[in-house]
Every structure is written in C-alpha cells, then in structure tokens.
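Written below as structure tokens is the structure these notes are about.
The values are calculated or read from the model by the stated rules, or taken from the named source; none is laboratory data. No experiment lies behind these values; they were computed from the predicted model shown. Here Cβ is always computed from backbone atoms with ideal geometry, including for glycine, and neighbour counts include all displayed protein chains.
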Amino acid sequence: MKINEINKFIKNQIEPKLNGYLVHKDLIYKVESSFFLKYYCIVSKGNEEDDIYASVAIQPLFVKSDFLYKTFGFNLTHRKKTKLFRTKTSELWDARKENLVESFNSICNSIIDQGEPFLKCISNSEDFYNYYKKDMKLVTSVFEAVAYSTVLYGTEKLQNLTIQSLIDFCSKQIDSDDDIVEIQIRQDALELLNANTTNNRINILKSWANETISHLKLPGISYFD
C-alpha cells in the first residue's frame, strides 16, 4: 500500500472514532500537556497477507530528535484466524485489496482497546516519570527523557538528583565505549543542571522542544514562545 492509500483508510475508518487527533500521511497524532506527542503509525511493507503493522507511542518533545521513534510505545496486536478455526496473536494485518476494510476496522479496534488505555494512563510529565522510572537505568535514551521530565513537575531537589544521576550514568558509558550519543546527552544534561532554577530549565526544554517540532514537520503542532 502507498501512504496516500493508508491515509484514505485512516480518514474514513479510524479518524471518525477518535477525538482530538490530527491525521498526516500514515500518522494519527496529538500533543498533550504541551510536551508530549502521542501518535499511532500505520505502515505497509507491501500488498500481501501480513504486510501491515500499526504502533502506538509517546514521544517527549523536549528530547532533541529529528525523527519519530517508538522507545515509549509498542506494536498493536489482534487475534488472527488460522487453520482449523483457531486464532493467534499477531502484529501483522492483511494488506490484500479485498481485505483492507476488514483490516483497518481491526486496527481501529486495537487502537481503541490497546492504544488508548496506554496513552490515557500517561497524561502529564509526572505520569511519564512514574511509568518509566523503573526502566531509566536500562537504556540511556529512557534515562534522558525520565530525568528531563522531572523539570516539569518535580522539586528542584528531585531534578538535581535525577539529572546528576543521568550525567554520572553517561560518564560511565563514555568511559567504556566513547559513545557519541552519551557525550551529547551528558552535555545537554549539564546545561540543564547548570541552569539552576526550574524556570530556566523549563525554558531550555522549550527550546529543545521547538527544535524537535521543527525537525518533525508535523502540521498543527505549535511552537513554544
């Protein structure tokens, strides 16, 4: 399927059943609590039986990025019919022309049943922090987003503790493999830590969010003043 075909099915079968979302190409998205992009992406790799997949994700705009990523999300699933009237859980949908209406109806159901509960449980920065803090020392990119989220709701003591912990974590990673990603994250975290006050830090996050918004080029997303 081409993106314009996916877009047509999204607008006809999915968008009317969701509130507050924008549609652009193969994306269904909205921004909540200013800093969090919530989206669904429907992708087709061909026109055969198992060629469509759909994902849901939250992307903190205050983390610099020039692309969408699914670090804070997952692929949607459905029950697929198999032989002998059995079903199995699958992340793939049928992209054959005669089955597209049924496939997109099923994707819509998975969005409502799986995606929306996930997105609704993270409605602000504190929710985001509480949901992902258990994973923050497993992956640097998760640690980065979780640490920065404290600026938007936490005390300066919590901010300082978490951001300094991120800096220390990155330093250990740099010592082991000289990773350029960790070097950049540590540099950004130091800038945030040295800003000293919550207001100054929020202004930095706004500037980073504007940078991300500029790169993503998604219609309808407003820049921060």
If we ask which residues in segment 161-180 are in a helix (DSSP H, G or I) and surrounded by fewer than 15 Cβ atoms within 10 Å (Cβ to Cβ), their number turns out to be 9
With respect to the numbered conditions (1) in contact with a helix residue (DSSP H, G or I) (Cβ under 8 Å, 6 or more places away or on another chain); (2) surrounded by fewer than 17 Cβ atoms within 10 Å (Cβ to Cβ), which one is the sole condition not fulfilled by F9?
(2)
In the set S65, S34, S103, the lone residue that is without any contact (Cβ under 8 Å) to a residue 60 or more places away in the chain and of a type in the set (S, T, Y) is S103
Kindly establish whether I183 is of a type in the set (V, I, T), surrounded by fewer than 21 Cβ atoms within 10 Å (Cβ to Cβ) and more than 21 Å from the chain's Cα centre (by Cα).
yes
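Just give me the residues in segment 74-109 being in contact with a His (Cβ under 8 Å, 6 or more places away or on another chain) and surrounded by 12 or more Cβ atoms within 10 Å (Cβ to Cβ), in sequence order. Reasoning before the result, please.
Taking segment 74-109 as the starting set, the residues that turn out to be in contact with a His (Cβ under 8 Å, 6 or more places away or on another chain) are 89-90, 93, 106-107, 109.
Selection gives S90, W93, S106, I107, N109.
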Of the residues that make up segment 51-68, is at least one surrounded by fewer than 16 Cβ atoms within 10 Å (Cβ to Cβ), modelled with pLDDT under 95 and either under 26 Å from Q184 (Cβ atoms) or assigned by TED's automatic domain parsing to the domain that holds D113 (or both)?
no
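So, in segment 186-196, of the ones that are assigned to a helix (DSSP H, G or I) and of a type outside the set (D, E, K, R), which residue ends up farthest from the chain's Cα centre (by Cα)?
Here the residue is N194.
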Output for segment 121-157, where each listed residue is exposed (fewer than 15 other Cβ atoms within 10 Å of the Cβ) and closer than 18 Å to R186 by Cα:
K137, L138, V139
Would you list the strands (runs of 3 or more DSSP E) that sit entirely within segment 38-138 and hold 2 or more residues that are of a type outside the set (K, R)?
52-60, 73-75, 87-90
Kindly indicate whether any position in segment 78-93 is touching a Leu at 6+ places or on another chain (Cβ under 8 Å), of a type in the set (G, A, S) and either within 29 Å of E211 (Cβ to Cβ) or not assigned by TED's automatic domain parsing to the domain that holds L152 (or both).
no
Which one of A209, A145 is in contact with a helix residue (DSSP H, G or I) (Cβ under 8 Å, 6 or more places away or on another chain), part of a helix (DSSP H, G or I) and within 17 Å of L61 (Cα to Cα)?
A145
